[in-house]
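All remarks here apply to the structure that follows.
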Amino acid sequence: MIRTYLDSGVLFSAARETDAFSEKALEVLEDENRNFASSLFVRLEVLPKAICYRRANEAQFYQEYFEAVQYWANDVATLIEDGYQIACKHGLSLIDALHVAAALAVGADELVTTERSTKPMHHVRKIRVVSMVG
């Protein structure tokens, strides 16, 4: 099984089914050869607005995903420190660095993202970063 950490963009694409990457995102989510990993950071990025703006179907989609997640990066203090180090080394944004730190913390085999392959996240060599957008 592939331990996969999805960044928020992948979940947005899958839940909303409105962009060019929706089909790819759903394929990843439906892949039976994957176990999923996540963090509070992903949850904070996707759920609050769906709940606040009463997008019930979208919120339900996210809830079902999080219930299926098997590996959680929970040590927030360590994730923040590790994310800081990753951001300093590779020039990542705050949230991208936290996602990389979380993926590493749970021993993910890959981090699937909607970040283009030209973005700093792809400079990290400690984990395979897979872009759905090329």
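Once whole DSSP H runs in the chain are found, which of them have Cα atoms spread over 15 Å or more along the helix axis and a mean Kyte-Doolittle score of at least 0.0?
Both cut-offs are met by 40-52, 76-90, 94-105.
Looking at the range 1-59, which trypsin sites (Lys or Arg not before Pro) are in a loop (DSSP not H, G, I, E or B) and have at most 14 other Cβ atoms within 10 Å?
54
Under 30 Å Cα-Cα from residue 49, which lysines qualify once same-chain neighbours fewer than 8 residues away are excluded?
Correct list for residue 49: 24, 119.
Could you point to the residue in 22, 46, 100 farthest towards the positive end of the range 2-131's charge dipole, with +1 and -1 charges on the Cβ of Lys/Arg and Asp/Glu respectively?
Projecting each Cα onto the dipole axis, the largest value belongs to 100.
Give the lysines whose C-alpha is closer than 21 Å to that of residue 126, dropping any in the same chain fewer than 8 places away, or say none.
89
Mind computing the radius of gyration and Dmax over the alpha-carbon atoms of the chain? Å is fine for both.
In Å, with Rg to one decimal and Dmax whole: 14.0, 39.
Going by C-beta contacts inside 10 Å, put 2, 86 in order with the fewest on the left.
Going from least to most buried by this count: 2, 86.
Where does each of 22, 117 land when they are ranked from fewest to most other beta-carbon atoms within 10 angstrom?
Fewest-to-most Cβ neighbours within 10 Å comes out as 117, 22.
Just how large is the dipole of the chain about the Cα centre, in debye to the nearest 20, putting +1 at every Lys and Arg Cβ and -1 at every Asp and Glu Cβ?
Result for the chain is approximately 380 debye, rounded to the nearest 20.
Determine, for 5, 65, 53, the number of other Cβ atoms within 10 Å of each Cβ, and report the residues in order from fewest to most.
So the residues, fewest neighbours to most, are 53, 65, 5.
Bear in mind these aren't lab numbers, they're just calculated from the coordinates by the rules spelled out. What you see is a predicted model; the values in this text were computed from it and never measured. Backbone-built Cβ (ideal geometry, glycine too); neighbour counts: all protein chains shown.
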